[in-house]
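A short write-up of the structure that comes next.
The values are calculated or read from the model by the stated rules, or taken from the named source; none is laboratory data. Everything numeric here is computed off the predicted structure, so don't read it as measured data. Here Cβ is always computed from backbone atoms with ideal geometry, including for glycine, and neighbour counts include all displayed protein chains. Calculation scope for accessible area: heavy atoms of the full protein, side chains included, ligands and nucleic acids excluded. Shrake-Rupley method; radii C 1.70, N 1.55, O 1.52, S 1.80 Å.
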Amino acid sequence: MTTVPQDLIAKPREFDIAPDAPLRADLASALTTGGLIRFFVGSTVAAFTLALTFRPYSNVSAFLLMRQDRWLLLVALGLMALCSLRCPERGDFPRLRLRSWLMVAAVLAVVTSAGHFLILSDYDLSRDEQLASFDASIFMKGHIVQPVTGFWRDHSAALNTTYMYPADHRRAWISAYLPLNSVFRALFGLVGLPYLIGPLMTVLGGFALWGCVGRLWPFDHDAKFVALVLYAGSAQIVFAGMTSYAMPDHLALNLCWLWLFLRKTRASDFGALAVGFFATGLHQPLMHPMFVAPFIALLLFERRWTRACLYIVAYGLISAFWLYWPTWMVSLVQESPDAVGPPGLEYMERLIGAVRNRDPMGLPDMVANFLRFIAWQHLLLVPLLLYGIRQYRQNPMILALAGGLVLIAVFMAIALPDQGHGFGYRYFHGLIGNAILLAIYGWKALDRTGERPGLWRALLMRTTVATVVVLMPIQVVMAHNFYAPAALVSRQIDTINADYVVIGGKDAPFAKDLVLNPPTLLRRPIGLLREKLDAGSIAAICASHPSVALFGDRQLMPISAYFAFGDPVAERFNHIFAPRLASAGCNVVPAD
């Protein structure tokens, strides 16, 4: 029998948890305090320059850049300069044990729970947030979809069906998002606490990050300290935890997945696949697979053929299940289950449509998104992240962590460059864990140079204080001012003594999102979108002679004033619309 020499056998390569390799001093010394200041100078100049290229308030990215992010970056520049001034050296960080993480987790839970009410006014501002709560209220009643009855089957568009499954003749309604974020909210909604999902996912993400750091740097206490500071010091994580967005769920489940993946046992692999099933079904089916893909590529690079095949086959099945979900939902919302739904239902059709109709300002929008990401993180996260990526030759795990960020950035630049509402760059939210781990790689590279590591420890402490004491309070005011006007107007709508209230979707910025009805349509007044009221829907609504209020410019003033909206338009349209409603039999009443 011929014996194959051992050195010719293809052996698996282990790089992901390898000891830190020596680093060339010339590369490591590239990041300096002066470099940090130059980074924020460049970001601030880019933000103010980009603001000049946008048409005033042309989209949400433009508005947020001009109203919030450029000023945050300017403040960040000043803080970084102050923190770098005569910065003394300090000794090792304190050793963090699990009790320390529990204390930080408790603070995060309290801040995010209270912030939902005190900062964000207990209000779902964006359509994504609203539909997460909309679907949860359906699931709480044990339904998969909410039946629609009466004339609404043919006129539901007037109720605002944006981002819902379309139907030619509607039997039911539900959002067009995947369901699991709303399922989680529904479970807590059964005890009256749906808003706790964001805080709990934020806490879970912190513990999973602790586990990932423990796998990658099992004996490094500094790494755990840096991870904790960067996680708790991320305003994007904190403020998103106050919302109904699926983004905190994405971050928590991605980090849980990575923690299990790094354990490298058969049981943990199956656990990671179970987590992957839930993570894929949270909101959109592509976010989690794009996070996972670079790690599968890493398995292939390491010649871990069995594990790679397991993940490839499993994610093929997971993706097939969730990609089929819209087809099933369409059969439930259409009057006839066998009817062919309108075009644009399948995810591939949506993707192609998004690419064809992409914003011509896509590149400026993406730059604005990146600047917003910088502005809503700990001051040192992005500089350390970029420096960590530069060490990719030392460890392929760095490429896997960075690969998810690159995939998301490229995909969103092509498909959806304007992120809309959100804190930081919300499409990076599920990968903030990657960013923190890459930042730790950058931190370790600095630490291995031996060039005044005490200076960097002192700088981390100073920038942490600056982030929490100066930047975050400013962001609290910005977040509250962004949510409060719409929350105030929405509560005014709820007090109107009428059967219906008609709102023009373009009468004020995002006025369309004020047309928000409960799934059962039992609450009065029912909101109607003026642009979707045609002759047929007006005749159907007015047949029973209901009272209808027309929402005007005075009622919309809090929103218009915040956005510095132009000339009032609602009254002009209402003046034309009121006679049409009256002639059809409706009783038009004041909106006060």
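Observations, loosely collected:
- Computed on the range 162-236, the Cα convex hull volume stands at 136 Å³ per residue.
- By the rule of a second cysteine Cβ within less than 4.7 angstrom, the chain holds isolated cysteines at 83, 87, 212, 256, 309.
- Based on alpha carbons, the Rg and Dmax found for the range 396-510 are 21.8, 72 Å.
- Pairwise FRET efficiency - residue 48 versus residue 582, Cβ, R0 = 35 Å, nearest 0.05: 0.10
- Accessible surface of the chain, 1.4 Å probe, proportion on carbon and sulfur as whole %: 66 percent
- Over the chain, dividing the summed -39,500 (n - 2.57) contributions of all DSSP H runs of at least 4 residues by the number of residues returns a 222 nm mean residue ellipticity of -19000 deg cm²/dmol.
- Note on the chain: antiparallel DSSP beta bridges, both residues inside, total approximately 30 percent of the bridges counted.
- 1.4 Å probe accessible area per residue over the chain, in Å²: 42 Å²
- In this view, the solvent-accessible surface of residue 480, computed with a 1.4 Å probe and all protein chains in place, comes to about 70 Å².
- Against the chain, whose longest principal axis is taken from its Cα atoms, helix 266-280 shows a tilt of about 30°.
- Cα-only Debye scattering, the chain: base-10 log of I(q)/I(0) at q = 0.06, 0.09, 0.10 Å⁻¹: -0.34, -0.75, -0.91
- Net charge dipole size for the chain [Lys, Arg +1 and Asp, Glu -1 on Cβ; Debye, nearest 20]: 1320 debye
- Built amide H within the under 5 Å cut-off of residue 547, gap 5+: 499, 500, 587
- Largest-first principal axis extents of the Cα set of the range 481-592 (Å): 41, 30, 22
- Spacing of the two label points (7 Å from each Cα toward its C-beta) at residue 564 and residue 151, in nm: 4.4 nm
- For the pair residue 468 and residue 92 in one chain, pulling the backbone fully straight at 0.36 nm per residue adds 133.2 nm over the alpha carbon distance.
- Between the range 74-127 and the range 383-439, the Cα center-to-center distance that results, in Å: 21 Å
- With a simple spin-label model that places each label point 7 Å from the Cα along the Cα-to-Cβ direction, the separation between residue 506 and residue 300 comes to 4.7 nm.
- Each peptide among 374-385, 522-533 gets the average number of other Cβ atoms lying within 10 Å of its residues, and from highest to lowest they stand as 374-385, 522-533.
- Relative contact order for the range 88-172, counting Cα pairs under 8 Å that sit 6 or more residues apart, in percent: 20 percent
- At R0 = 35 Å, FRET efficiency that the Cβ-Cβ distance of residue 106 and residue 190 yields, to 0.05: 0.90
- Peptides 324-333, 231-240 ranked from most to least packed give 231-240, 324-333, packing being the mean of other C-beta atoms within 10 angstrom over each peptide's residues.
- Gain upon complete extension [residue 531, residue 415; 0.36 nm per residue less C-alpha separation]: 39.1 nm
- Cα long-axis angle, helix 347-356 against the chain (0 to 90 degrees, to the nearest 10): 90 degrees
- With the highest mean first, a sort of the peptides 87-96, 192-201, 213-222 on other beta-carbon atoms found within 10 angstrom per residue produces 192-201, 213-222, 87-96.
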